[in-house]
DNA sequence: TACGCTCCGATACGGTACGTTCCGTTATCT
DNA sequence: AGATAACGGAACGTACCGTATCGGAGCGTA
């Protein structure tokens, strides 16, 4: 008694592929807006109920296709922190070029009032890429290349957000040269004399929050 | 001969206000998804054509309301770079809390295949906030607080993107303490010895792009 | 072999929201 | 006075949603 095998006629796996291929084609030509179930079904040579039998709607359908496009990201590990970070971010950016900023925005919008789908979306598209960056940072810190008081989560956010921002708000995604400059900037800092700035800020009785990890050096 | 005054019955300015008030109410309760023209018209005590006579559709309607909410941002200027940057980013984040991440995502998605609307959207919601941050950075650099070889545009991107990212991808928007840590990190850098990292990366014959503004110090 | 289950394509359906058009009426400008 | 355009109300055609129904086909179990 195979509990896995449901009774009755099994689903045709070829239909799954044909539909996702059609979705891919539509996304690349007309974008998410053009993703109309009936149209997808027609292109795939498949009936509409056959699609709904497999996916709940446009959102699920699009996410399923995007999941196909994002293979697991292999974070580099060359013991060269600059190289690894650069490579991580480059892969990150390339991944979202494949996904398409438009589609990402639509899925994000559609997930607004559906926490479950939002978790699935972020868990599929965002988290793996972030994780790759995070692992790179962890290794670099373990080597002693990064400050020990580093706020890891916030640094991952800072690097990841730059990739997303440029994809979503353009005009262009980050190119390699910009990634290099960004990595350099966040590693070396942009202040001429950070400690002096901290001292000066303390003289202001301002109500701003004093950074809780002032430069140790 | 007033060329400005069109012949015929003039538009009732009270309708403009009533409609935008209704839009505001709907956006705050049900979000962009709940923004249905017929519903807005009913709430405003107005006919549907009266709405379409003024705005092209949901997108324009929502953007018009959001424009009402974002007054001009006054970048602080206290000659304290840490304080000013902190304040700039805090105002930035607050502005988008008023707009609502959901609505922003929807508008961004809807603007995908309409470059004109996209320009209007970014010009209204994004550019002014960025500009405030940019002015703060420019003043700090002029004071000599920031490195002279600073890539201004990229730095603005880095700081702005963090605000957007946390608003859009959450789970929570940036809080004040995180803003402080982020400012500290980007000003002071996260590397223990950046110059050493650059030297090491040069030993790799890797094909990665060598940062074109290595640390001058 | 017979039966039951589930998938298959085809088609029809009700529902929602869009954006437009027509109407008779009302307000303002020339 | 007359032209013009906004007003509310209502209906319209379109698009797409997601679901239901149908006869038929494929596969499991009795």
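The values are calculated or read from the model by the stated rules, or taken from the named source; none is laboratory data. Note that the structure is a prediction, hence the values are computed from the model and not measured. Because the Cβ atoms are built from the backbone with ideal geometry, glycine has one as well, and the counts that use them run over all protein chains shown.
Listing for the model above:
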read-out: Only listed residue being within 16 Å of the chain's Cα centre (by Cα), within 16 Å of DNA strand C (Cβ to nearest atom) and either outside the structural domain of residue A:179 (by TED's automatic domain parsing) or not in a helix (DSSP H, G or I) (or both), chosen from A:56, A:64, A:112, A:41; value: A:64
read-out: Matching entry among A:58, A:9, A:67 (being within 13 Å of DNA strand D (Cβ to nearest atom) and modelled with pLDDT under 95); value: A:9
read-out: Out of A:25, A:94, A:74, sole residue that is away from DNA strand D (no atom under 11 Å from the Cβ) and assigned to a loop (DSSP other than H, G, I, E, B); value: A:74
read-out: The lone exception for residue B:37 - which of (1) within 23 Å of residue A:34 (Cα to Cα); (2) away from DNA strand D (no atom under 16 Å from the Cβ) it fails; value: (2)
read-out: Number of positions in the stretch A:138-172 that are under 15 Å from residue B:186 (Cβ atoms), outside any loop (DSSP other than H, G, I, E, B) and within 8 Å of another protein chain (Cβ to nearest Cβ); value: 9
read-out: Filter pass, residue A:113 being within 30 Å of residue B:34 (Cα to Cα), crowded, with 22+ Cβ neighbours inside 10 Å and within 8 Å of chain B (Cβ to nearest Cβ); value: no
read-out: Residue satisfying all of: in the stretch A:173-197; over 17 Å from residue A:85 (Cβ atoms) and in contact with a helix residue (DSSP H, G or I) (Cβ under 7 Å, 6 or more places away or on another chain); farthest from the other protein chains (Cβ to nearest Cβ) among these; value: A:173
read-out: Filter result (within 9 Å of DNA strand D (Cβ to nearest atom) and not in a loop (DSSP other than H, G, I, E, B)) within the stretch A:44-53; value: A:48, A:49, A:51, A:52
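Matching residues to (1) surrounded by fewer than 19 Cβ atoms within 10 Å (Cβ to Cβ); (2) out of contact with any helix residue (DSSP H, G or I) (no Cβ under 8 Å at 6 or more places or on another chain); (3) away from chain A (no Cβ under 14 Å); (4) under 30 Å from residue A:196 (Cα atoms):
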site	(1), (2), (3), (4)
B:23	no, no, yes, no
B:29	yes, yes, no, no
B:38	yes, no, yes, no
B:47	yes, no, yes, no
B:51	no, no, yes, no
B:81	no, no, no, yes
B:93	no, no, no, yes
